[in-house]
Amino acid sequence: ATVSVDAAAIIESAAGDLLVQLELIDLYTGAGIQSGEKSLTFRLTLQSNSRNLTDEEADHLIDAVLKRLSDQIDAVLRSR
């Protein structure tokens, strides 16, 4: 499987029911990226049907997604 498909599946699993949309908006392999590596940019849309999410809840969920990506495919966050 490709890295982007693996990453998307990991994101979906880690984000759970609050993830209502996931889009791969950029895949880059060029200057500034080490050979054999890719830079992926995903857009996550988070939503609860029962309440408004706080910034803290969203940040916690994103941290959990990033940890799972790091643990499972050695992904590294370039910027936030």
Local net charge near residue 38, Cβ-Cβ under 14 Å (Lys/Arg +1, Asp/Glu -1): -3
For the range 66-73, 3J(HN,Hα) per residue [Karplus equation, 6.51 cos²θ - 1.76 cosθ + 1.60, θ = phi - 60°, Hz, x = Gly/Pro]: 4, 5, 5, 4, 5, 5, 8, 10
Probe 1.4 Å, accessible area per residue of the chain, Å²: 74 Å²
Accessible area of the chain belonging to carbon and sulfur atoms, whole % at 1.4 Å probe: 45 percent
Protection-proxy order for peptides 57-67, 20-30, each taking the mean of Cβ atoms within 10 Å per residue, highest first: 57-67, 20-30
Cβ-based net charge around residue 6, under 12 Å, with every Lys or Arg adding one and every Asp or Glu removing one: 0
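The values are calculated or read from the model by the stated rules, or taken from the named source; none is laboratory data. Computed from a prediction, not measured in an experiment: that's the story for all the values here. Positions of Cβ are generated from backbone atoms using ideal geometry, with glycine treated the same way; all protein chains shown enter the neighbour counts. Ligands, DNA and RNA are stripped out before the accessible areas are found, and what is left, the full protein with its side chains, is counted by its heavy atoms. Shrake-Rupley method; radii C 1.70, N 1.55, O 1.52, S 1.80 Å.
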